[in-house]
Amino acid sequence: MKFGYFDDQNREYVIQRPDTPLPWINYLGNENYFGIISNTAGGYSFYQDARLRRLTRFRYNNAPLDVGGRYLYIRDNQAQMNGDSLYWSPSWQPVCRTLDQYACHHGLGYTRINSQKCQIECQAVYFIPLGQDFEFWNFQITNHRKEPADLSLFSAVEFCLWDAWDDQTNFQRNLSIGEVEVEKGVIYHKTEYRERRDHYAFLACSHSVVGYETQREAFLGPYRGWDSPQVLESGQTSQSLSPGWQPVGVQKVNLALKPGETARVIFMLGYQKVDRDQKFTDPDLQVINKKPVQKKIKDYLNGEFLDESIQDLKRSWDSLLDIFQVNTPDVHVNRLVNIWNPYQVMATFNFSRSASYFESGIGRGMGFRDSNQDLLGFVHLIPERARERILDLAATQLEDGRAYHQYQPLTKRGNDAVGSDFNDDPLWLVLSVAAYLKETADWTILEELVPYDNQPGTEEPLYSHLLQSLEFTLDHLGPQGLPLIGRADWNDCLNLNCFSSDPGQSFQTTTNQGGRTAESVFIAGLFILAAREMIPICEIFADPDSALRYIKQADKMEETVWDQGWDGNWFIRAFDDFGAPVGSKVCQEGQIFIEPQGICVMAGLGLRNGKARKALDAVTNRLATDHGLVLLQPAYSRYYLNLGEISSYPPGYKENGSIFCHTNPWIMIAEALLGNGDAALDYYLRINPSAREEISEIHRCEPYVYAQMIAGRDAPTHGEAKNSWLTGTAAWNFVAVTQWILGIRPDYQGLIIAPVLPSGWDGFQVKRTFRGTIYNITITRVGPGSDLQVIVNGSEIPGTLIPQPDPGVKDLEVLVKVGSPG
Ligand code: BGC
Ligand code: NOJ
């Protein structure tokens, strides 16, 4: 069952009924000011950091779902409904009165909600103009009645007192500190501005504001919710202004519409920073300096600027997406690769795992491992921002190569509360830097001086950070010569040193064992992959000694994996604190894990000796379901002290045997490395959200983005997705499908074109901008088999790497013939 449809032409997903199985969201914003918005206008806004600078309040995990948003109410001042006053929300929530028509269009950086009720048609477009720290709500309303309509429109937001954690916990203080000012209909939220803050929020309106509220209870009335505000019932505002309690921004606008008349009302909600020495126009009265906002209102709060800025936003997305456009026989591939997957990758780049409808914006900042992986799918979009991110990440590395597991986006400092010791972390930096170099050939990044732990005086070239990352693994080997796992590796829930029986302890940060025994085969595979990525970097960077060292160390680690980490038919996952294998046939539960099968084959293990094929066959036989590949089998049915959080989940959920989507593209890449395009595409389509759209009532999450997990075969809700949007699945699927199935793969010396063409496809076309040159690529099957013949501007080249053309070459015509003709 579907709840909407893809409008590929306009790059929108159109939701046709408001009561989707879960709120289906979109993101607004691109640089500093951001918002989350659901299909019924729920969500919130923040500046840079969803925890530390939150503008509006949202109630996570609430009943009813999705409370807190950018609300609008229409009040029909003449009509009544069953004796009550008649009012509704044009976005359905929060009033939830049935609408005669409803459609929510989630587009790239904007959301448009259309509705009609009682012959009053409404359209609200929400977006953040490029480069601005405010959002627009562009509201249009048309009277389709034969008689005039006497209406009032109310805006409503609840302000968050900036620090979202404190806001939801420290009520003894917070219920006394809220402060606002109102001037000329503009509501200024200035809590804590009198002392240490130099910023406030504002809500402005293009129309004359005839009444307002800034106290939540004055608007709603005691014991009432957002669905039935007292002020909407009476139609009367009280101009509430006292400090404390819950500050809100509610504005009332009157609209008298003739038959057929349309009115346009624009709201502007924003963040304003003020120079510290100019914070007040009247320090004695503590009156805040509103000049910068007044200027913004004058310059921007008009239809002309708004119309231009939404066009600019659309153009900016068009040009980003234009970098990689594909035309294959499969609509789901096209849709995801051309539109939604890069769009989701942008969200993961911006927010890492911090703010979604499953991530509260409070708990997790920018993950070191996560952000490095997110870059793999992002780097071709805006390489300059990828560069900056790499340097920020590297600056949270410690001198011995370890890395802070997370950092706060506002401060860019490592998060002490979470700390370090996830032993895979540093290796991901090598992969992101390699991807950056392959995309851009900007070798200067390796010379950038980057501090350790952000400490001035400790700067070393980024190149040294990469060496440190690899050395860290080599400095932390366990008894069998495999890497020690530390708190966890990629699988945050495999906590082999945790041994926690205390419900208060965090699985992620508690270590009750010495940590000198438990080893990870996954990290071994990741080390080999990273070391082999590093070898050409060392060579090009004129450091042959290091190149030689990593050739040897990668080979040595490979030998160790074969000796210790091969179970006969697949790769073992790890060894626990007793030295016993995890993910082996000798285990009762958790006999096979997906991660080492993917990463070891990606690192090149077993490609020639048949063992990669064996491991991938084991994946097919034991882990494949119609909904994707599960993480492990059999799922753990009870809690194992020696394994940690993984066994805390009910079977089939999260790391305990769900389809943990992030891992599936590793298997697609591995299959592609073995030349098996059919299997790779098959796995790809099982989790592709568009290909799952028809089963939205089972999948439940948005059909336009990947979710972190889909409940596995052991779960009663098999096929149900959770944790949509912020997941490494986005970047890795983009890499798997574009670089390995379609085979368009940046490399140091140029662009490789080496598709593994699925047997059902005759071919496909790609337009790829790479280092300033447009590659117009046509892939066509000329016969059976997988031989590739690459013809550039009419001449055949040896191999599949198209060397970088001379500067100034604007475009290249590339023809790739697949198979051997007759
Ligand atoms: C989740 C993991 C996540 C970790 C982050 C765990 O509860 O299962 O997916 O990476 O928390 O701290
Ligand atoms: C989600 C985390 O963000 C990521 O870092 C981790 O690798 C996966 N969960 C698997 O545990």
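Does GLU460 qualify as being open to solvent by 50 Å² or more (accessible area, probe 1.4 Å) and either in contact (Cβ under 8 Å) with a residue 12 or more places away in the chain or hydrophobic (A, V, I, L, M, F, W, C) (or both)?
When the stated conditions are applied, GLU460 does not pass them.
Looking only at segment 614-652, filter to residues that are surrounded by fewer than 22 Cβ atoms within 10 Å (Cβ to Cβ) and within 13 Å of ligand 1 (Cβ to nearest atom); which one of those is farthest from ASP489 (Cα to Cα)?
This residue is PRO650.
Might you let me know whether segment 271-283 holds any residue that is under 30 Å from ILE141 (Cβ atoms) and surrounded by 12 or more Cβ atoms within 10 Å (Cβ to Cβ)?
Yes - at least one qualifying residue is present in segment 271-283.
Could you list, in sequence order, all residues of segment 495-539 that are β-branched (Val, Ile, Thr), over 25 Å from the mean Cα position of the chain (by Cα) and not in a loop (DSSP other than H, G, I, E, B)?
Answer for segment 495-539, where residues must be β-branched (Val, Ile, Thr), over 25 Å from the mean Cα position of the chain (by Cα) and not in a loop (DSSP other than H, G, I, E, B): VAL521, ILE528, ILE535, ILE537.
Just to check your reading of the model, which residue among ASP374, ASP425, ASP392 is open to solvent by 10 Å² or more (accessible area, probe 1.4 Å) and either at pLDDT 95 or above or farther than 21 Å from VAL737 by Cα (or both)?
On the way: ASP374 fails: open to solvent by 10 Å² or more (accessible area, probe 1.4 Å); ASP425 fails: open to solvent by 10 Å² or more (accessible area, probe 1.4 Å).
Just a single option satisfies the conditions, and that option is ASP392.
Kindly check whether there is at least one residue in segment 169-184 that is touching a Cys at 6+ places or on another chain (Cβ under 7 Å) and either crowded, with 22+ Cβ neighbours inside 10 Å or modelled with pLDDT of 95 or more (or both).
Scanning segment 169-184, I find no residue that is touching a Cys at 6+ places or on another chain (Cβ under 7 Å) and either crowded, with 22+ Cβ neighbours inside 10 Å or modelled with pLDDT of 95 or more (or both), so the answer is no.
Sort out which residues of segment 98-116 are assigned to a loop (DSSP other than H, G, I, E, B) and under 29 Å from the mean Cα position of the chain (by Cα), and write them in order of number.
Correct list: GLY107, LEU108, GLY109.
Using the structure shown, decide if ALA715 is within 16 Å of ligand 1 (Cβ to nearest atom), more than 24 Å from MET366 (Cβ to Cβ) and open to solvent by less than 50 Å² (accessible area, probe 1.4 Å).
Yes: the conditions hold for ALA715.
On the basis of being of a type outside the set (Asp, Glu), more than 23 Å from PHE472 (Cβ to Cβ) and more than 16 Å from ligand 2 (Cβ to nearest atom), does LEU398 make the cut?
no
Against the condition farther than 30 Å from TRP443 by Cα, surrounded by fewer than 20 Cβ atoms within 10 Å (Cβ to Cβ) and either touching a residue at least 24 places away in the same chain (Cβ under 8 Å) or within 16 Å of ligand 1 (Cβ to nearest atom) (or both), how does ARG516 come out, does it pass?
Criteria met by ARG516.
Anything in segment 215-253 that is assigned to a helix (DSSP H, G or I) and of a type in the set (Val, Ile, Thr)? List them, or say none.
Residue satisfying the conditions is VAL231 alone.
Check GLY367 against each of (1) surrounded by fewer than 17 Cβ atoms within 10 Å (Cβ to Cβ); (2) within 30 Å of ASP198 (Cβ to Cβ) and name the one condition it does not meet.
(1)
Would segment 650-662 turn up any residue that is farther than 19 Å from GLN508 by Cβ, of a type in the set (Ser, Thr, Tyr) and at pLDDT 95 or above?
Let us first name the residues in segment 650-662 that are farther than 19 Å from GLN508 by Cβ, namely 650-652, 657, 659, 661.
Those still in the list that are of a type in the set (Ser, Thr, Tyr) too: none.
So far as segment 650-662 goes, no, none of its residues is farther than 19 Å from GLN508 by Cβ, of a type in the set (Ser, Thr, Tyr) and at pLDDT 95 or above.
Residue under question is ASP492, and the condition is that it be more than 16 Å from ligand 2 (Cβ to nearest atom) and in a loop (DSSP other than H, G, I, E, B); does it hold?
no
Cβ-Cβ distance below 6 Å, separation of 6 or more or different chains: which pairs start in segment 487-500 with a residue that is closer than 16 Å to TYR636 by Cβ and end on one that is near ligand 2 (Cβ under 7 Å from one of its atoms) and in a loop (DSSP other than H, G, I, E, B)?
Here the result reads ASN491/GLU655; CYS493/GLU655, each pair linking segment 487-500 to a residue that is near ligand 2 (Cβ under 7 Å from one of its atoms) and in a loop (DSSP other than H, G, I, E, B).
Exactly one of these conditions fails for ALA403: (1) away from ligand 1 (no atom under 16 Å from the Cβ); (2) within 26 Å of GLU471 (Cβ to Cβ). Give me its number.
Condition not satisfied by ALA403: (1).
Exactly one of these conditions fails for PHE764: (1) in contact (Cβ under 8 Å) with a residue 60 or more places away in the chain; (2) within 16 Å of ligand 1 (Cβ to nearest atom); (3) not in a loop (DSSP other than H, G, I, E, B). Give me its number.
All conditions are met except number (2).
The values are calculated or read from the model by the stated rules, or taken from the named source; none is laboratory data. Everything numeric here is computed off the predicted structure, so don't read it as measured data. Note: ideal-geometry Cβ built from the backbone for every residue, glycine included; neighbour counts use all protein chains shown. The accessibility values were calculated without ligands, DNA or RNA, using every heavy atom of the protein model including side chains. Shrake-Rupley method; radii C 1.70, N 1.55, O 1.52, S 1.80 Å.
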